[in-house]
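The values are calculated or read from the model by the stated rules, or taken from the named source; none is laboratory data. Because the structure is predicted, anything quoted here is derived from the model rather than measured. So basically every Cβ, Gly included, is an ideal-geometry build from the backbone, and we count neighbours across all protein chains shown.
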Amino acid sequence: MLEIEIFSDAICPWCFIGKRRLESAITTADAKDGFDPEVRLRWRPYLLYPNIPTEGVDRDELLRRRYGPRGDRARVPAAILAEAAVENIELRYELIARTPNTRAAHRLVEWMYTEHGWQAQHALVEALFQAYFCLGQDIGDTEFLYELSKPYGLTESAKDSVLLAKGAIGAALDAELDKQLQRGMELGVAGVPGYVMGGAYLLPGAQSVETMQAIIQRAKTKFSAA
């Protein structure tokens, strides 16, 4: 079994594009869930904006501070829109009013893996990407995150621990995030997406499906474990 760890942030468009390409790279017709049974995915945290306040910031204001008069939320590089469209993603930047702090979302993603496995985690990540990029939802809002994640297994009793980092469970999730953020830097993840195969080999960026397929095949031979 080859584990592929994906260092990612839910507000990174290339991470969304890379997710779709990775799925294409590991899709096989004879598998029960459609994916290569010799591959397991594990989503890991990365913070594009680590210093954003918990409540997030107005995206228009953030863009004006960074780009001045050119800071128009609907102005997106044509290359990103085109690459996304190839993967059947419609990026609706004009709908995004806030740039969120994504730490709560990362705690949720980590909890989902430990409680419900990688398939549930993977499905939740897709839901987060779609909520932010296609619907303009504030994925830093904990009430929204709760409603989004209920179909994937988050319960009322676990909500505050996971989303507000309360109690021992919340503290443990935060500690794990910090550990993985540090580990990502040590592995050389300087931007996202970053794919770590077998805990050792880093493939940076949203590579083509063909490149991913070739490297995954080599990694399965070299790094696969029980």
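Only residues that are in a loop (DSSP other than H, G, I, E, B) and surrounded by 21 or more Cβ atoms within 10 Å (Cβ to Cβ): list them for the range 159-188, please.
Answer for the range 159-188, where residues must be in a loop (DSSP other than H, G, I, E, B) and surrounded by 21 or more Cβ atoms within 10 Å (Cβ to Cβ): there is none.
How many residues does the range 86-133 hold that are part of a loop (DSSP other than H, G, I, E, B), closer than 21 Å to Ala158 by Cα and either hydrophobic (A, V, I, L, M, F, W, C) or touching a residue at least 24 places away in the same chain (Cβ under 8 Å) (or both)?
Of the residues in that region, 2 qualify.
In the range 26-67, how many residues are of a type outside the set (Phe, Trp, Tyr) and within 17 Å of the chain's Cα centre (by Cα)?
The total comes to 8.
Can you give me the number of residues within the range 119-128 that are of a type outside the set (A, V, I, L, M) and touching a Phe, Trp or Tyr at 6+ places or on another chain (Cβ under 8 Å)?
The qualifying residues number 2.
Of the conditions (1) farther than 20 Å from Cys134 by Cα; (2) under 19 Å from the mean Cα position of the chain (by Cα), Ile80 clears all except one; give me its number.
So the condition that Ile80 fails would be (1).
Only one of Ala171, Ala165 is among the aliphatic types (A, V, I, L, M) and either in contact with a Gly (Cβ under 9 Å, 6 or more places away or on another chain) or without any contact (Cβ under 8 Å) to a residue 12 or more places away in the chain (or both). Can you tell me which?
The conditions single out Ala171.
Output yes when any residue across the range 58-80 is among the β-branched types (Val, Ile, Thr) and within 26 Å of Gln182 (Cα to Cα), and no when none is.
no
Output the residues belonging to the range 193-209 that are touching a residue at least 24 places away in the same chain (Cβ under 8 Å), over 12 Å from Arg183 (Cβ atoms) and surrounded by fewer than 21 Cβ atoms within 10 Å (Cβ to Cβ).
Within the range 193-209, Gly198, Gly205, Gln207, Ser208, Val209 qualify.
Looking at Gly191, Gly140, Gly199, Gly136, can you tell me which residue is more than 22 Å from Gln119 (Cα to Cα), outside any helix (DSSP H, G or I) and at pLDDT below 95?
Result of the check over Gly191, Gly140, Gly199, Gly136: Gly191.
Would it be correct to say that Glu147 is part of a helix (DSSP H, G or I) and without any contact (Cβ under 8 Å) to a residue 24 or more places away in the chain?
So Glu147 fits the description; yes.
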